[in-house]
Amino acid sequence: MTETYAIRERLRNLLIEKAYLTGDFVLTSGKRSSHYFDTKQVTLDGEGLPLCADLIVAKMRAAGIKVIGGLTLGADPLVAGVVDAGYRLGYPIGGYIARKEPKKHGTTGWIEGPVEAGMRVAVIDDVVTSGGSLIRAIDISRQEMLEPLVAYALVDRGEGGAENVAKTGVPFEPLFRYSELFPGT
């Protein structure tokens with residue numbers, strides 16, 4: 001068993017055990033769903049965040065990308081974890097957070113973090129249903145003159161978000177698809 005396989009399997013188990021809920025939920029998109037991923041139960045966990053971050057750093061290293069960002073709040077723990085893991089794993093990565101609206105004071109910017117125009121970046125979100133938050137982060141990144149090369153998500157619910165993100169021209173690579181977490185469903 002490879003180390004990456006072991007990390008993926010442990011993270012898969014944590015997502016199922018700690019983040020997956022059934023009931024009646026309203027999603028960010030406004031859609032109702034009988035299942036929900038409360039990924040903060042994993043991305044704000046001392047075991048879960050490093051597992052997520054190590055997998056993402058490996059993807060970024062393979063792609064030669066050294067900056068990651070996303071829309072607040074879903075991306076916040078993941079961005080911080082990846083920045084930390086990149087340093088720990090010898091592949092320094094910068095991070096940024098895209099605001100949902102521009103800052104009303106100081107720099108009045110959309111983005112917080114050490115980025116400069118022209119940087120090639122990865123964009124991330126925790127869960128993708130319609131892809132709206134990830135697409136918004138891609139749009140803000142481009143508006144701020146960054147170049148999104150890939151979009152990551154911890155979980156793709158498999159409800160059209162991947163196809164919507166693909167329309168932006170940015171390749172989409174979830175760590176897990178719903179069908180991988182729950183095969184046969």
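Some observations on this one:
- Scanning segment 94-109 for residues that are modelled with pLDDT of 95 or more and hydroxyl-bearing (S, T, Y) yields a single hit, Y96.
- Which numbered condition A19 misses (of (1) over 30 Å from G118 (Cβ atoms); (2) surrounded by fewer than 20 Cβ atoms within 10 Å (Cβ to Cβ)): (2)
- Within segment 143-185, considering residues that are of a type in the set (S, T, N, Q) and without any contact (Cβ under 8 Å) to a residue 24 or more places away in the chain, the one surrounded by the most Cβ atoms within 10 Å (Cβ to Cβ): S179
- Considered as a group, the residues in segment 146-185 that are in a loop (DSSP other than H, G, I, E, B) and among the polar types (S, T, N, Q) include one that is farthest from D125 (Cα to Cα), and that residue is T185.
- Of all residues in segment 94-142, those satisfying the criterion of being touching a strand residue (DSSP E or B) at 6+ places or on another chain (Cβ under 9 Å), among the hydrophobic types (A, V, I, L, M, F, W, C) and either assigned to a loop (DSSP other than H, G, I, E, B) or free of Cβ contacts under 8 Å to residues at least 60 places away in the same chain (or both) are I97, A98, W110, I111, V115, M119, V121, V123, V128, I135, I138.
- Within segment 64-82, tally of residues that are of a type outside the set (G, A, S) and either surrounded by fewer than 22 Cβ atoms within 10 Å (Cβ to Cβ) or closer than 15 Å to L149 by Cα (or both): 8
- G64 vs. criteria of a type in the set (G, A, S) and touching a Leu at 6+ places or on another chain (Cβ under 8 Å): no
- Per-region count, segment 94-125, residues closer than 27 Å to G161 by Cβ and of a type in the set (S, T, Y): 1
The values are calculated or read from the model by the stated rules, or taken from the named source; none is laboratory data. Everything quoted here is computed from the prediction, not taken from an experiment. For neighbour counting, all protein chains shown are included, and Cβ atoms are generated from backbone atoms with ideal geometry for every residue, glycine included.
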